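Following this message is one structure expressed as structure tokens.
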Amino acid sequence: MADAHPHDDGEITRLLHAASGGDREAFGRLVGVVYDELTRIAHGRLRVEPVGHTLGTTGLVHEAYLRLAAQERANWQNREQFFAVASEAMRRVLVDHARRRLRGKRGGHVEHVPLDDAIDAVALTDAQSEELVALDDALTRLAAFNPEGARIVQLHFFGGLSQGDIATMLDSSERTVRRQWSAARAWLRRELRGNVGTLTGLGA
Amino acid sequence: MNAERWARVEAILAEAMDATPSDRQQLVRAACGGDEALHAEVVSLLAQWETDPEYLAHPLVEVPAATRDRTGEAIGPWEITHLLGRGGMGEVYHAVRRVDGAVQAAALKVIRRGRDSDEVIRRFRLERRILAQLHHPNIAQLLDGGVTPDQQPYFVMELVEGTPLTTWCDDQRRGIRERLALFLRICEAVEHAHQRLVVHRDLKPGNILVTTDGTPKLLDFGIGKVLEGTESFGTSIETRTELRLLTPEYAAPEQVTGGAITTATDVYALGVILYELLAGEHPYRRPGMTRPDLEAAVVSEPPALPSARIPGNVAVAHARGLDPSTLARTLAGDLDTIVLMALRKEASRRYPSAAALAEDIRRYLDGRPVSARPDTIGYRVRKFVGRNRGSVVASAAIVTALVGVAVTSVVTSRRVAREAARVQAERDKALEVRSFLLEMFGATGADQAVGDTVSVRALLDRQRAQLNVAYAGRDALKADMMEVLADGYDRLGLYREAEPLAREALALRQRVLPPDHPDIGASLNLLGWILHERGEREEAEPLLLEAVRRRRADSTRAPEALARSLNDLGVLYNATQQYPAATAVLREALAIRRATVGDQHRAVGITANNLAAAFYLQRQLDSAVTTQRLALSALQAAVGRDHQRTTVALSNLAAFRRAGGDAAGAEADYRELLERQSRLQGRDHPVTARVILSLASIVAERGVRDSSSALLAEAEGLSREALAAFELRLGPDHPMVATTLDRLAGVVSARGRGREAITIQQRALAVGRRSNPDTGQVVRGMVGRLAALWRQAGDTAAAKALSQQYGVPRP
């Protein structure tokens, strides 16, 4: 039973408690849990479905949510808490994958990534990979002076939360969230310049 | 850029975006108040926004609509107190309701609404009766269920606070015998549900909680069936996800391959749970295994012996209060064998029931020899070839594959196992339907189930619709299934549906089976019986005679089959007034049944009932009453007071007593019977209609005697009701229709409507002649009564002509 799940049942609960109390390290480890789950699902899915079948990231995140929620039953305080973690994990999964893809393209060292082909099922093109990496970098820069805006973009774009959900989560108003959101993505779009326009609708 | 400056940029941008495009430029300039750098920044960002307002607007992921927290809401009589948890299917709440001043707490599960929730609701309504009858101290009781005001299905279950089974055992460091004792209680609960036709489908440690006082409680019994196969969970993608979420760790091979779910499916899950309780490991799961790996292992990989998992595993042994070598020795042998028997891939080779599994564990605990035997490869090959003898090519390939198990690729053996599972699933399907029907009508619990003919009929109709597709090219299997369905329709009184299926099953078996195969005898008997029930007695008699002949030849092997055919033939003889012949065959049938199954068995009750009728019809009233008492006591012992057959037996006893002159007592009996029958089978069931007709006769007699127009009116109403039921359920040419018309004519005449009575009596005669071609005693009686009616109406010429035509002397 010890190996039943890579994360034993108590662990997620403990991390959640710590993370909701503002423990960044706990949050980071929680992201790691979801990250593992996402990649494992992607890996498993690829093995049963025909090659070339595109794995929607929607399905990926839902499945991770359902699995972890089922595993932990009531311990996710609410779905926003999960999606806050999941959006971070999703961002890392996709950006890591995009970076590996570009690194391989440029003839660099290819590290041992057993799940790489699984993520390929998400079917990122080179252009999308470039844009994702650029977006990730830009989001990090944005967070330096506009952390709320960066967070909103991540929750919506990588986590799929609506403006209403985000407003509830940040204890803000929908109107404020919309203002912050519009400004942030205008800034991001300018930062990305040439790399804009390949990412919408991916896998949805 | 810093945070402060960004805040200004953001504020100006927001105002600009809200403004009309023509006002925008001026507004921005004014807002920036001469700060050129700020102005340039805002204009630049505004341009980005105007170029591409949808940028990043479509998330890479989308999430399902937010689920609500219903705390404080009322659902039916339930008040939601707080959220207990969320899962893939929806939310679970703590809820309370007030019953007679007391507060009852429960777990209320709201199923997330999806496209097919109507289907979930429909199934739930079908299942609810059955689920509500699961009363067992180790099963969390289903309390309520329905639809919330916003149209989401919900279930209310007994609230259980406890720890998952395996965790509890480990936390408490329970030893092997204690674990087995606890497991036995779980088996008993599962068996209780199985006897009531409820299969859990998702047994796992998380669904078996142990309360603080050490009582195991099984959750969610029967819910799996209601939810299974429906797309009830939000979007289509999520649906797929949800279905995949069903715990593969405890899924039986037939669940992985999409085969039939039977009670053996739960036996398998019990096997996995027992494996974990004993060995502390899952039979197949390994670190790093993906879901498809696990599913493939479930279907094709033989599990390691539980005892083989122990060496070196100090933690597991410690949690059982032992050292690894002692634990391994304890498990080796009987316990290994018991667990692996429950885990067999083919459902039919597992323990036949949870009770059988429990019994073997009890034998182990008592130090007696267990019934489980180790599996062998040779046995598996033989069984597999046996099942596939129709297809020489296929079985040859399979033999090769299985014999060469060590060298063939994993893929091949996996495919073979899937094929085996598929064939098995089909066979299980017929068995499942049969056992379902037997349970519905058979020895136990039938009174509540019979009223629920809707779900039985739905099951039959569904299976019938799939016959040609599901069993194309597999005639023997198809005949089995048709036989089961014909039997089911017959038991529901739907003889017109039953007959063609029985005919086809017989024809198929005669074509594909050896000429003296016992199944052909069974088919002859079933068709003969159904024809008898439809009133096609001329055709029925030779079929039943042939069934008796065949079964007599085979009676050393299967005496009970001969008894069944003799019984059915006796009933036919009774119906065709061949009473001495009926008495002879029924006496023989009763002797066989009493010798083989004992006096407390329903078979004895049924045959004794029929023999008593034969005595009664020959006016041997003492023998009739004595034999009927045997029938009644056998049936009450075997199936309970409320069972249909018990009520029929009571009804007969009432009739025999009535014949002895106790009309008032008989009338009271019939009224009680009518109340029971209507409740159990519905008022238009043929059996209920017979009770109505008997009551009508008694009421009519009393009405004539007391010159009571009210009683006569009641008698007419009852007769007409019985007539409508017989016409509807038996067809317009059934002998019971003739009998009822005959009685109705008498009542109508007694009420002073002579002409109408003549018309009815003519109809009675016409139907009677069609359904009794031998124009026996019954028809002669009708002719006499018709002639009497003519005379009463003053038309002696018509009466005379009629009497001459039938050669009936004037009464």
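The values are calculated or read from the model by the stated rules, or taken from the named source; none is laboratory data. For clarity, every value in this text was computed on a predicted model and none was experimentally measured. Because the Cβ atoms are built from the backbone with ideal geometry, glycine has one as well, and the counts that use them run over all protein chains shown. When the accessible area is computed, the model is the full protein with side chains, heavy atoms only, and any ligands, DNA or RNA have been set aside. Shrake-Rupley method; radii C 1.70, N 1.55, O 1.52, S 1.80 Å.
With each pseudo-label sitting 7 Å past Cα toward Cβ, what's the B:Val43-B:Ala637 distance in nm, one decimal?
10.5
Rounded if a/c is under 1.5, else prolate if a/b is larger than b/c, else oblate: which is the stretch B:645-788, with a ≥ b ≥ c the root eigenvalues of its Cα gyration tensor?
oblate
Taking the Cβ of B:Gln25 as the center, what net charge do the other residues with Cβ under 14 Å away carry, scoring Lys and Arg +1 and Asp and Glu -1?
Local net charge: -1.
State in Å² the accessible area per residue of the stretch A:125-196; use a 1.4 Å probe, count heavy atoms of protein chains only, and round to the nearest integer.
That works out to 38 Å² per residue.
A further question on this structure: With a point put 7 Å past each Cα toward its Cβ, work out how far B:Glu73 is from B:Arg720 in nm, to one decimal.
If labels sit at B:Glu73 and B:Arg720, their model points lie 5.0 nm apart.
Chain pair A, B: how much accessible area is buried, both chains summed, with a 1.4 Å probe, in Å² to 100?
Using a 1.4 Å probe, the pair buries roughly 5000 Å².
For the stretch B:555-661, just run the numbers: alpha carbon Rg, then divide by 2.2 N^0.38 Å, N being how many residues it has.
That works out to 0.99 for the stretch B:555-661.
Counting partner chain Cβ atoms within 10 Å of every residue's Cβ in B:44-56, what's the average?
Mean number of neighbouring Cβ atoms from other chains: 6.
Which order do the peptides B:632-642, B:483-493 take when ranked by the mean count of other beta-carbon atoms within 10 Å per residue, highest first?
B:483-493, B:632-642
Using the crude model of +1 on Lys and Arg Cβ and -1 on Asp and Glu Cβ, and no other charge, please compute the dipole size for the stretch B:710-765 relative to its Cα centre, in debye to 20.
So the magnitude is around 140 debye.
Rounded, prolate or oblate: pick one for the stretch A:125-196, where a ≥ b ≥ c are the square roots of the eigenvalues of its C-alpha gyration tensor, a/c under 1.5 means rounded, and failing that, prolate if a/b is larger than b/c, else oblate.
Prolate shape, in that a/c is at least 1.5 and a/b is the bigger ratio.
Return the average number of partner chain Cβ atoms within 10 angstrom of each residue Cβ along peptide B:6-16.
The mean count of partner-chain Cβ atoms within 10 Å per residue comes to 4.
Sticking with this structure for a sec: Between B:Gly333 and residues 5 or more places away or on another chain, which pairs have amide H atoms under 5 Å apart, with H built 1.01 Å from N, and which residues are they?
none
What FRET efficiency comes out for A:Phe145 versus B:Thr81 if R0 is 41 angstrom and r is the Cβ-Cβ distance? Round to the nearest 0.05.
0.35
Could I ask something else about it? B:Tyr93's amide H: which non-local residues (gap 5+, or another chain) put their own amide H closer than 5 Å, with H modeled 1.01 Å from N in plane and none for Pro or chain starts?
Correct list: B:Leu84, B:Leu108, B:Lys109, B:Val110.
Give me the number: length gained by fully extending B:His135 to B:Ala595, i.e. 0.36 nm times residue separation minus the C-alpha to C-alpha distance, one decimal in nm.
162.1 nm
Within the stretch B:509-592, report the trypsin sites (Lys or Arg not before Pro) that DSSP leaves as loop and that have at most 13 other Cβ atoms within 10 Å.
When the trypsin sites (Lys or Arg not before Pro) of the stretch B:509-592 are filtered for loop state and at most 13 Cβ neighbours within 10 Å, B:Arg557 remain.
Let me ask something else about it. Please report, in debye to the nearest 20, how large the charge dipole of the stretch B:656-791 is about its Cα centre when each Lys and Arg carries +1 at its beta carbon and each Asp and Glu carries -1 there.
Taking the Cα centre of the stretch B:656-791 as origin, the dipole is about 320 debye.
Next up: Once you have the Cα-Cα distance between B:Gln804 and B:Ala713, take 0.36 nm times their residue separation minus that, and quote the gain in nm to one decimal.
29.4 nm
Let me have the relative contact order for the stretch B:3-51, percent, based on Cα pairs under 8 Å that are six or more residues apart.
38
Could you go through the stretch B:564-569 in sequence order and give the Karplus-derived ³J(HN,Hα) for each residue, using 6.51 cos²θ - 1.76 cosθ + 1.60 with θ = phi - 60°, rounded to whole Hz, and x for Gly and Pro?
Result, rounded to whole Hz: 4, 5, 4, 4, 5, 5.
Now, a different point. Could you check the simple spin-label distance between B:Thr556 and B:Ser22, using points 7 Å along Cα→Cβ, in nm with one decimal?
Spacing of the two 7 Å Cα→Cβ label points: 11.1 nm.
In Å², what does the accessible area per residue of the stretch B:3-51 work out to with a 1.4 Å probe?
55
How big is the accessible area of A:Met169 in square angstrom, nearest 10, if you roll a 1.4 angstrom probe over the protein chains?
Surface open to solvent at A:Met169 totals about 50 Å².
Here is a further query. Might you work out the accessible area of B:Tyr55 for me, using a 1.4 Å probe with all protein chains in place, and round it to the nearest 10 Å²?
Accessible area of B:Tyr55: about 10 Å².
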